[in-house]
Amino acid sequence: MEKALAIVVGAGPGLGVALLRRFQEGGYKTVGFVRSEVDSAPNPEGHDIRQLDFTDAERAAAEIRMLIDEYGPPKIVVHNTAQLIINAFTETRLEDYEETWRAMVFSAAVLAQGVLQVMACADGGAFLVSGATASLRGGAKFSAFASAKFALRGLTQSLAREYQARGVHVAHFILDGIIDSARSRALHS
């Protein structure tokens, strides 16, 4: 029997790679995506990690179709992207809002459009979206990040209500704290 497919979008060092490892240990064929080379890390475990920015809707849709053609409908899909901008409101550029929204909300919509219908037609599965406390309440200097996380939570709730009855468990979960990575260290130095 072929292994079921698990996809992690936002498979950078830290949580993303840990999820790939856990799904692989659970018997899944795992494929991870990172937005850029900056998000990539040495891959000593040999995970299938591909560079693809899910804000490029056409390219992402084509890649998801190719994965499904090769491995079948995914059983687990995790959207774990983030674009953390910490800045006073008066110093937060409009482009920062668009960048955070595209990185988190638009990419989730692109991913969902690529997998949810296929999963619903193939005995379901799980579509999991990582959030943060900013999904529930905004904080000073987090206006761009929190507004995108709020929107991501709303999108996930809508998808859950649409796909739950069709066998796809859609869930938004809160992860608090900044994961130690080269990117997070650079933000806080």
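The values are calculated or read from the model by the stated rules, or taken from the named source; none is laboratory data. Because the structure is a prediction, the values reported are computed rather than measured. Every residue, glycine as well, gets a Cβ built from its backbone with ideal geometry; the counts of neighbours run over all protein chains shown. Remember, those area values only see protein heavy atoms, side chains included, never the ligands or the DNA or RNA. Shrake-Rupley method; radii C 1.70, N 1.55, O 1.52, S 1.80 Å.
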query: What does the charge dipole of the chain about its Cα centre add up to, to the nearest 20 debye, if the Cβ of each Lys and Arg holds +1 and the Cβ of each Asp and Glu holds -1?
result: 500
message: Rounding to the nearest 10 and keeping the result within 0 to 90°, find how far the Cα-based axis of helix 143-163 lies from the longest principal axis of the chain.
response: 30
query: Using a cut-off of 20 Å between alpha-carbon atoms, which aspartates and glutamates can reach LYS141, once sequence neighbours fewer than 8 places away in the same chain are excluded?
result: GLU91, GLU95, ASP96, GLU98, GLU99, ASP176
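Any idea of the accessible area per residue across the chain, 1.4 Å probe, to the nearest Å²? Walk me through the numbers before you get to the answer.
Numbers: 9950 Å² over 189 residues.
Roughly 53 Å² per residue, with all protein chains present.
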field: Percent accessible area from carbon and sulfur atoms, the chain, protein chains only, probe 1.4 Å
entry: 54
query: Taking θ as phi - 60°, what are the ³J(HN,Hα) couplings along segment 169-175 by the Karplus curve (6.51, -1.76, 1.60), each to the nearest whole Hz, with x for Gly and Pro?
result: 7, 10, 9, 10, 10, 8, 10
Using a Förster distance of 30 Å, the FRET efficiency for ARG166-GLN51 (Cβ separation, nearest 0.05): 0.40
- request: Taking all protein chains together and a probe of 1.4 Å, list MET66, MET104 from the most accessible to the least accessible.
  value: MET66, MET104
query: How much accessible surface area, in Å² rounded to 10, belongs to the heavy atoms of SER36 with a 1.4 Å probe?
result: 30
task: Mind listing the long-range amide H neighbours of LYS29? Cut-off is under 5 Å, sequence gap 5 or more, other chains count too, H placed in the peptide plane at 1.01 Å from N.
output: ALA4, LEU5, ALA6
- line: Taking only the alpha carbons of segment 58-189, the radius of gyration and the largest Cα-Cα distance, Dmax, both in angstrom, are 16.0, 48
task: Leaving ligands, DNA and RNA out of it, work out the accessible area of ARG65 with a 1.4 Å probe and give it in Å² to the nearest 10.
output: 140
- prompt: Given H placed on each backbone N at 1.01 Å, which residues far from LYS141 in sequence or on other chains put an amide H within less than 5 Å of it?
  reply: PHE89
message: On C-alpha positions alone, give me the angle between the axis of helix 57-71 and the longest principal axis of the chain, in degrees, nearest 10.
response: 30
message: Under the rule of at least 5 residues apart or a separate chain, name every residue whose amide H is placed under 5 Å from the amide H of ARG50.
response: GLY32, PHE33, VAL34
